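Coordinate-derived values only; no laboratory data. Since the structure is predicted, the reported quantities are computational estimates derived from the model, not experimental observations. Note that we place each Cβ from the backbone using ideal geometry, even for glycine, and neighbour counts take in every protein chain shown.
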């Protein structure tokens, strides 16, 4: 097959698309690239954004037809939103590539709930992402269910992340001078006094922290309930309190399952759950607020472990207010991250708080690079790796400290785990493996519906931008 890769500016996300293209070529498919940077630059410079968008659409159409492209891929909604969006007389939205009957793959590296601060949600409700000619990939079944059942997405493929072994590979000549390396990320909060108290403990009480955060969520929950009609507000507010308690009891269950549990327990809450899940923007807002119970976890974990091991931080967030210890490298390009992993025996991976399940690409990249992976527990991790033999999984800071210390004292076990983790990734978790499944899914997609619709008109760029920004 011939595949068009619509590449976006950036570092990691751009590198990920090139890794997917590499996986496709390893399977014998042809890949061609169009860079979205130029069209974005022209639209930002002023003039007529609508004219630029339609000129780009003409270029894309000519490119697809001239090169006999079978399907295209873009990160998130970048491909769809860089082209015209059409609206029919019923108010339903259609992507430009759908009008060409051209299959297009949206790679949702993160849940679409958070893309551009949730701005795609109205477009999803308008049917923009429901076409049978579109395929959406996400790394876990729970988010896929939310996308498909609640948010208006059509074909959703559960596709775990992976690694490119040509980019992430061991460097035998490197000197492993650190015990642990980790990547910092944006958006992590400063510590509260309670968090700093627990950070100094030998076995931090995470539940104390979680309950202290939950106690401060009442104003945000009140605002969500106030968005509904007055008769429904008390029931919505009771539901939100019930969801908080369910989250505190079991943080690893997905939000949608907590809704189902609350509804089964109380008929009044079932009605409130139905109201909230029928309002996608309110549902996303509510689950985001509830998930903030864990916003502090990543900086807390790295700060705690830095008190016990020689650590190297990668990235621009210093965590100075967390009392982080160790050395730092401000920035490492995506294709050189193996060099950073090669400086430590283990790498830490703590997922972002916004998602309930699924693994980011780091666990695959760390293992492919020949570094031991110290992974915070996630639902589904045991389906991808043999825990304890291929990677190390922990649930608490004290457990992470003890597991890592034990492995550092046992070089033989450490070497066996690193070798087994790398072997598993090379055998099952490369982008060639994922692209094989993706191509099969594209080939299985249904053709466009033949229903005759009223004439469609282009959504002007200023109104179009209001939908998605």
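What ranking of 298, 237 emerges when the number of other C-beta atoms within 10 Å of each C-beta is taken as an exposure proxy, fewest first? Present the calculation step by step, with values, prior to reporting the outcome.
Numbers: 298 25, 237 18.
Listed from fewest to most nearby Cβ atoms, that is 237, 298.
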- Label zone at residue 202, where the point sits 7 Å out along the Cα-to-Cβ direction: segment 300-336 residues whose backbone N lies under 19 Å: 304-309
- Message: Just the number: Rg to Rh for the chain, Cα atoms, Kirkwood Rh, two decimals.
- Response: 0.98
- Query: Add -39500 (n - 2.57) for each DSSP H run of 4 or more in the chain, then divide by its residues: what number comes out at 222 nm, to the nearest 500 deg cm²/dmol?
  - Reply: -13500 deg cm²/dmol
- Semi-axes of segment 128-254's equivalent ellipsoid from the Cα gyration tensor, sqrt of 5 times each eigenvalue, largest first, rounded to whole Å? 35, 30, 12
- Query: Can you pull the three principal axis extents for the Cα set of segment 11-80, in Å, largest first?
  - Reply: 43, 30, 16
- Query: So what are the radius of gyration and Dmax for the Cα set of segment 143-189, in Å?
  - Reply: 18.6, 51
- Query: Taking Rh as the Kirkwood radius, which is the inverse of the mean 1/r over Cα pairs, what is the Rg/Rh value for segment 278-413?
  - Reply: 0.98
- Fraction of beta bridges assigned by DSSP in the chain that are antiparallel (%, nearest 5): 10
- Task: Arrange the peptides 192-205, 366-379, 299-312, 245-258 so that the one whose residues have, on average, the most other Cβ atoms within 10 Å appears first.
- Result: 366-379, 299-312, 245-258, 192-205
- Proxy exposure order for 259, 18, 331, 71 (fewest C-beta within 10 Å first) is 331, 18, 71, 259
- Reciprocal mean inverse distance between Cα atoms of segment 209-294 - Kirkwood radius, Å: 12.6
- Linear extension gain, residue 41 paired with residue 61, 0.36 nm per residue minus alpha-carbon span: 5.2 nm
- Percent relative contact order of the chain, based on C-alpha pairs within less than 8 angstrom and at least six residues apart? 21
- Message: Under 4 °C and 1.567 mPa s, how fast does segment 1-154 diffuse according to Stokes-Einstein, given a Kirkwood radius computed over C-alpha pairs? Answer in µm²/s, whole number.
- Response: 81
- So for segment 197-247, Kirkwood radius off the Cα pairs, Stokes-Einstein at 4 °C and 1.567 mPa s: how many µm² s⁻¹? 103
- Item | Simple label model, 7 Å out from Cα along Cβ direction - residue 220 to residue 382, nm | 3.1
